[in-house]
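One structure is given below, encoded as structure tokens.
The values are calculated or read from the model by the stated rules, or taken from the named source; none is laboratory data. Please read these numbers as outputs of a predicted model, since none were measured by experiment. Cβ coordinates were reconstructed from backbone atoms using ideal geometry, including for glycine residues, and neighbour counts include every protein chain displayed.
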Amino acid sequence: MIVTYPHIGEAYIALEVLFRTMGVDVISPPLSSQRTLTLGAQLSPEFICVPFKVVLGNFIEALERGADTLFTLEKQSGCRLGYYPKIQEAALRERGYEFTMRPFRLMDGSAVTAIQELRRHTGVPLRRILHGIALGLPVMKTLDDLDSAAHRVRPRELIPGATARVLREARERLRQVSDWDTFRRIRRESFEALNDIPLDRSRRPLKVIILGEFYLVLDAFLNMNLEEELGRRGVEVERSIYIAQWLNFNMFLRALRVPETRSVERVARPYLRRNVAGDGLKSIGETILHAQDGYDGVIHVQPLTCVPEIVASNIMPDVVRDHDIPVLSLIFDEQTGRTGIITRLEAFIDLLERRRLSRS
């Protein structure tokens, strides 16, 4: 058995550590690229969302590398994520690929569910699974913490590209982690390197939140590397979700019946009274909360044909009017061009700077 999984953000690094520590052979797909998206789109229904297409492309490229067991998330909800595994399996088998599909029902319960799923799908003893989780989860949390810190450092760096270089090196080193001592040392040295970057502390960068559909918020390939593009243009970025945060809720807090979005649901209620699946309700609530927190603007990302985000987009003009915060909506599919996205991004930054100047 050689396992693989689709890319989403830097999760592949933690997953490699997890499976390698468990003693399971693992192959990550190549980092998502235009080839990945093209391969996936060729086998996908025309109007399905772009995350479906890139995930399918990831599987094709991993199968080409020798993987034979495909891990993917499965969820029963209004979002089409719940249907991904069955449709993708049918498309791949029609093209003659041989493999085993392993839908992973992490979102149905708790850490116990996750462990049971890993045992069921891999046959690995409980002790090795726990060892893998105990190392893989802290690696994922470290990757998220480094990203969060980089959001504050990048718009203030005096040496262009210094933050990106530190992150690249940290990710490559974390990918090779095999024990706790090595992990702790790499974590410490990575944050020290980030803290050593020379900064212009007099800068007062704009603050923008990226929110919307889960996959597009997290995946730099699909969102055209929005976080780095904004940071290089002097904007401090926050994102609405981090993978470790999402795992913490689905593996631990959900089992304790702790609500994930209580404050989000409360502030969104005047505009949207029910969950519309996906991240639609969260997009409305997070926009309001960050307006209240003094953010300069919001970037709302969504795949073409994503129904929950279409609902949110139609409500967003009322939120903008009532809470006086600019929102840039960006829609992505396989035809989206980088030049057009960058042009709209620069125009939005210019708008935010003029707005701040007019209020000072």
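Computed values, structure above
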{"read-out": "Scan of the stretch 164-220 for residues that are assigned to a loop (DSSP other than H, G, I, E, B) and closer than 13 Å to residue 152 by Cβ, ordered by number", "value": "197, 200, 201, 203, 204, 205"}
{"read-out": "Total residues in the stretch 220-233, condition surrounded by fewer than 24 Cβ atoms within 10 Å (Cβ to Cβ), within 24 Å of residue 285 (Cα to Cα) and under 11 Å from the mean Cα position of the chain (by Cα)", "value": "2"}
{"read-out": "Out of 149, 134, 162, sole residue that is over 16 Å from residue 220 (Cβ atoms), touching a Pro at 6+ places or on another chain (Cβ under 9 Å), surrounded by fewer than 23 Cβ atoms within 10 Å (Cβ to Cβ) and of a type outside the set (Lys, Arg)", "value": "162"}
{"read-out": "Test: residue in the stretch 16-35 that is of a type in the set (D, E, K, R), buried (at least 21 other Cβ atoms within 10 Å of the Cβ) and over 30 Å from residue 186 (Cβ atoms)", "value": "no"}
{"read-out": "Those residues of the stretch 53-76 which are touching a residue at least 40 places away in the same chain (Cβ under 8 Å) and closer than 16 Å to residue 103 by Cα, in sequence order", "value": "55, 58, 59, 67, 68, 69, 70, 71, 72"}
{"read-out": "Residue 133 modelled with pLDDT under 95 and either of a type in the set (A, V, I, L, M, F, W, C) or over 17 Å from residue 248 (Cα atoms) (or both)", "value": "yes"}
{"read-out": "Leading residue by the ranking (nearest to residue 82 (Cα to Cα)) among those in the stretch 274-291 that are of a type in the set (A, V, I, L, M) and surrounded by 24 or more Cβ atoms within 10 Å (Cβ to Cβ)", "value": "281"}
{"read-out": "Where a residue in the stretch 35-52 is without any contact (Cβ under 8 Å) to a residue 60 or more places away in the chain and aromatic (Phe, Trp, Tyr) and its partner, wherever it lies, is assigned to a helix (DSSP H, G or I) and surrounded by fewer than 18 Cβ atoms within 10 Å (Cβ to Cβ), with Cβ under 8 Å and at least six apart", "value": "52/87"}
{"read-out": "Evaluation of residue 121 against (1) of a type outside the set (Phe, Trp, Tyr); (2) touching a strand residue (DSSP E or B) at 6+ places or on another chain (Cβ under 9 Å); (3) crowded, with 18+ Cβ neighbours inside 10 Å; (4) over 30 Å from residue 231 (Cα atoms) (one fails), failing number", "value": "(3)"}
{"read-out": "When residues of the stretch 292-324 are limited to those that are free of Cβ contacts under 8 Å to residues at least 40 places away in the same chain and among the charged types (D, E, K, R), the one nearest to residue 44 (Cα to Cα)", "value": "321"}
{"read-out": "Of all residues making up the stretch 257-281, the number that are farther than 22 Å from residue 303 by Cβ and at pLDDT 90 or above", "value": "4"}
{"read-out": "Selected residue [touching a Pro at 6+ places or on another chain (Cβ under 8 Å) and either hydrophobic (A, V, I, L, M, F, W, C) or at negative phi (or both)] from 291, 347, 277", "value": "277"}
{"read-out": "Which listed residue is of a type in the set (Lys, Arg), at pLDDT 95 or above and within 20 Å of the chain's Cα centre (by Cα), from 165, 175", "value": "175"}
{"read-out": "Test: residue 191 is farther than 26 Å from residue 353 by Cα and touching a residue at least 60 places away in the same chain (Cβ under 8 Å)", "value": "no"}
{"read-out": "Verdict on residue 203 being exposed (fewer than 14 other Cβ atoms within 10 Å of the Cβ) and either among the aliphatic types (A, V, I, L, M) or touching a residue at least 24 places away in the same chain (Cβ under 8 Å) (or both)", "value": "yes"}
{"read-out": "Residue that is within 18 Å of the chain's Cα centre (by Cα) and closer than 26 Å to residue 67 by Cα, where the choices are 136, 123", "value": "136"}
{"read-out": "Qualifying residue in the stretch 341-357 (condition: hydrophobic (A, V, I, L, M, F, W, C), assigned to a helix (DSSP H, G or I), within 23 Å of residue 32 (Cβ to Cβ) and in contact with a Lys or Arg (Cβ under 9 Å, 6 or more places away or on another chain))", "value": "yes"}
